[in-house]
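Below is one structure, written out as structure tokens; the observations come after it.
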Amino acid sequence: MAGLNPGVQKKNFFRGRTWPYHIALTVTAIVIAFPLLYAALISTQTNAEIFSFQIKPGSALRDHFEQVWVDRDFAGAMWNSLKQTTIVTIGKTVLSLLAGLAFVYFKFKFKWFVFFLVLITLMMPTEVMILAMFRQVSGYGWQDTMAAITVPFLASATGAFLFRQHFANLPADLLEAAQIDGASPLKFLTKILIPLSWNVIAAMFVIQFVYTWNMFLWPSLIIRDDSKQVAQVALQTLTNIDGALTYGPLMLAAIIASIPPAIVFILMQKPFMSGFAVGQNK
């Protein structure tokens with residue numbers, strides 16, 4: 001050992017010693033998960049138990065669940081959010097695929113100018129356009145309808161840009177081979193491009209699902225009927241139950257509302273991460 005290079009000795013010393021990394025990762029995971037764990041604890045406690053700083057589960061979980069799920073019909077709000085998110089996510093993904101196909105494989109006048117206009121919309125947050133959207137949607141008579149919280153968000157500049165960049169990096173020979181075989185543009189998309197793009201589609205699906213599920217400002221403006229409201233807006237009504245400021249039901253509803261996006265991410269984690277890896281390699 002005395003004759004070894006100090007750098008080699010240091011490398012050999014750390015080889016096989018993984019416990020420091022496990023400790024660091026465990027501490028990091030606890031810090032990140034602490035807000036969720038604390039919310040889960042609060043969701044089981046009464047106000048008295050919360051303010052007594054009790055660090056064990058409380059006795060009010062069943063009562064809180066009945067208040068949230070039955071009395072305040074949070075189940076209906078979750079169903080509304082699920083319908084809205086499913087429609088918007090699938091619609092955005094399909095339209096983004098078609099936009100990417102058009103920008104890469106179709107030839108038409110002012111294509112680059114149109115693509116430039118699409119990129120400009122990436123710099124415009126929804127809040128900038130919300131007044132014009134409200135006046136237009138109200139003019140259509142869509143207030144308090146599912147169309148009001150889905151149709152304005154079906155087009156996605158982010159998705160169009162993502163698939164355009166992905167398709168542009170695919171071999172050009174694919175299009176030539178499809179044309180020789182007499183494939184139509186839609187057949188070329190469904191039989192060749194989509195099978196080569198599952199990872200990118202998964203990344204797009206997860207991002208848009210989480211974004212749409214967490215939408216708050218627009219539904220709170222355009223939906224006035226509580227029975228048609230989405231989960232994120234319904235959460236704010238749970239701060240006051242029976243005339244009292246309550247924390248347990250709110251925390252329980254927040255945990256319930258976080259389950260669908262968590263399930264989607266877990267189910268699509270592998271293709272989602274692969275999609276980002278493909279994007280980085282390109």
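The values are calculated or read from the model by the stated rules, or taken from the named source; none is laboratory data. Everything numeric here is computed off the predicted structure, so don't read it as measured data. For neighbour counting, all protein chains shown are included, and Cβ atoms are generated from backbone atoms with ideal geometry for every residue, glycine included.
Y211 passes all but one of (1) modelled with pLDDT under 90; (2) surrounded by fewer than 18 Cβ atoms within 10 Å (Cβ to Cβ); which number fails? If we test Y211 against (1) modelled with pLDDT under 90; (2) surrounded by fewer than 18 Cβ atoms within 10 Å (Cβ to Cβ), just (1) comes out false. Looking across region 132-180, the residues that are more than 26 Å from F106 (Cα to Cα) and among the hydroxyl-bearing types (S, T, Y) come down to S138, Y140, T145, T150. Of F74, F51, all but one fail to be over 19 Å from A257 (Cβ atoms) and of a type in the set (F, W, Y); the exception is F51. What about W69, is it farther than 15 Å from G248 by Cβ, in the same structural domain as V233 (by TED's automatic domain parsing) and surrounded by fewer than 20 Cβ atoms within 10 Å (Cβ to Cβ)? So W69 fails the test. Could you check, for region 141-154, whether at least one of its residues is modelled with pLDDT under 90, in the same structural domain as P260 (by TED's automatic domain parsing) and within 15 Å of L97 (Cβ to Cβ)? Within region 141-154, not a single residue is modelled with pLDDT under 90, in the same structural domain as P260 (by TED's automatic domain parsing) and within 15 Å of L97 (Cβ to Cβ). Within the option set L196, L221, L217, L235, being in the same structural domain as L267 (by TED's automatic domain parsing), free of Cβ contacts under 8 Å to residues at least 40 places away in the same chain, more than 17 Å from F167 (Cα to Cα) and not charged (D, E, K, R) holds for one residue only, L235. Across region 139-156, what is the total count of residues that are small (G, A, S) and either surrounded by fewer than 18 Cβ atoms within 10 Å (Cβ to Cβ) or out of contact with any helix residue (DSSP H, G or I) (no Cβ under 6 Å at 6 or more places or on another chain) (or both)? Looking only at that region, the number is 4. Considering region 44-55, the residues that are in contact with a helix residue (DSSP H, G or I) (Cβ under 8 Å, 6 or more places away or on another chain) and surrounded by fewer than 17 Cβ atoms within 10 Å (Cβ to Cβ) include one that is nearest to W213 (Cα to Cα), namely N47. Of the residues screened, I130 is not one that is surrounded by 19 or more Cβ atoms within 10 Å (Cβ to Cβ), of a type in the set (V, I, T), under 30 Å from N80 (Cα atoms) and touching a helix residue (DSSP H, G or I) at 6+ places or on another chain (Cβ under 7 Å). Inside region 137-189, residues that are in contact (Cβ under 8 Å) with a residue 12 or more places away in the chain, over 30 Å from W79 (Cα atoms) and of a type in the set (G, A, S) make up a count of 2. Just one of the listed residues (M215, M251) is outside any helix (DSSP H, G or I) and either closer than 30 Å to E49 by Cβ or under 14 Å from the mean Cα position of the chain (by Cα) (or both), namely M215.
Taking residues in region 259-275 that are assigned to a helix (DSSP H, G or I), and partners anywhere that are at pLDDT below 75 and surrounded by 12 or more Cβ atoms within 10 Å (Cβ to Cβ), the pairs with Cβ atoms closer than 8 Å and at least 6 places apart or on different chains are F265/F272.
Just so you know, in region 72-89 the residues that are under 30 Å from I194 (Cα atoms) and free of Cβ contacts under 8 Å to residues at least 24 places away in the same chain include one that is surrounded by the fewest Cβ atoms within 10 Å (Cβ to Cβ), and it is W79.
Return a yes/no flag: does region 145-158 have any residue that is in a helix (DSSP H, G or I) and more than 23 Å from D225 (Cα to Cα). Within region 145-158, one or more residues are in a helix (DSSP H, G or I) and more than 23 Å from D225 (Cα to Cα).
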